[in-house]
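The values are calculated or read from the model by the stated rules, or taken from the named source; none is laboratory data. Computed from a predicted structure; not experimentally measured. Ideal geometry is used to build each Cβ from the backbone, glycine not excepted, and the neighbour counts take in all protein chains shown. Keep in mind that these areas ignore ligands, DNA and RNA; they rest on the heavy atoms of the full protein, side chains included. Shrake-Rupley method; radii C 1.70, N 1.55, O 1.52, S 1.80 Å.
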Amino acid sequence: RRRRLIPYLLVAPFVVAFVVFVVAPILLALYNSLFVDRLIGGVSFVGVDNYVKAFTDDDFWSGFGRIVLYALVFVPLLVIVPLGLALVLDAKAVKARGLYRLVFFLPYAVPGVIATLMWGFLYGPSISPLNFVAEQLGLPGPNLLSDDAVLWSIVNIGLWSWAGYNMIIFYTGLQTIGHDVVEAARLDGASTWRIALSIKVPLVAPIVTMVVIFAIVGSLQLFTEPFVLQPLAPTSIPNDFTPNLYAYTLAGAGRQLNYVATLSFVLAALVGLVALVYLRISRKANRVDS
């Protein structure tokens, strides 16, 4: 009996911490989402009224549509660019691969807030050195924080921050490919480009699926970049720019914490649904290929 209890005792600290810091807050938020706090009348039970309100909230859905557009551009780039870098580093012709891995990975070590502030300095029309160079050349300076460009400027920040991290993941996966497979293809006359597309990329397909899932979840939870850039572009980044920013604004306004809890569950459900749809599509594609 004592031996049987040992595994449970070993996992008990994690289970207790998980219940206290993860499960309990989720259940509390779910409970709070069923209530509303009014100035007159106090807290009252409303059932699913908050959820009905969320599904008809134009501000919430406009922000969600914006991050879907963001994800449609950001996620493919966050796969193609790191995978391309990893394939280049995996080639035998590349020298000092350790140095290149370090250089590409360094942006990930920069905290998100600091990275956004750095790029905000480059984006700001009145302080950007890019605009100064453009003026010296007699060219109009780009406004990278305008309504039409701010979303793509945020895409650039995310790509700069995460490309090196994903490159390390892909590069590690490429290192597990047997050299005999590559050498056999090379002896058959396959070029380096053909080996990369027909052998290496298919063999790291499970890693690509994992990276895409994480990228989708991260994209639909976008918050840090628009929050930090908002003071620089208040007209281009409204309070409903993303669902998380919208929920943060409502929470800061006060007395809407119950509705914010509702929005968090709605957003979590949407993120899970999108990730599940992609996972099923990728599984079907793998079955067809096999």
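Annotations for the structure displayed:
- Just one residue in the set Val75, Val43 is of a type in the set (A, V, I, L, M) and touching a Ser or Thr at 6+ places or on another chain (Cβ under 8 Å); that residue is Val75.
- Enumeration of residues in region 76-129 that are more than 30 Å from Arg186 (Cβ to Cβ) and free of Cβ contacts under 8 Å to residues at least 24 places away in the same chain: Ala109, Pro111, Ile114, Met118, Phe121, Leu122, Pro125, Ser126, Ile127, Ser128, Pro129
- Test: residue in region 267-285 that is of a type outside the set (A, V, I, L, M), open to solvent by less than 40 Å² (accessible area, probe 1.4 Å) and on the phi > 0 side of the Ramachandran plot: no
- When Asn143, Asn166 are checked against the criterion of being part of a helix (DSSP H, G or I) and either surrounded by 15 or more Cβ atoms within 10 Å (Cβ to Cβ) or in contact (Cβ under 8 Å) with a residue 12 or more places away in the chain (or both), a single residue qualifies: Asn166.
- In region 169-192, the residues that are touching a Pro at 6+ places or on another chain (Cβ under 9 Å) and either β-branched (Val, Ile, Thr) or open to solvent by 60 Å² or more (accessible area, probe 1.4 Å) (or both): Ile169
- Residue check, Val208 touching a Ser or Thr at 6+ places or on another chain (Cβ under 8 Å) and part of a helix (DSSP H, G or I): no
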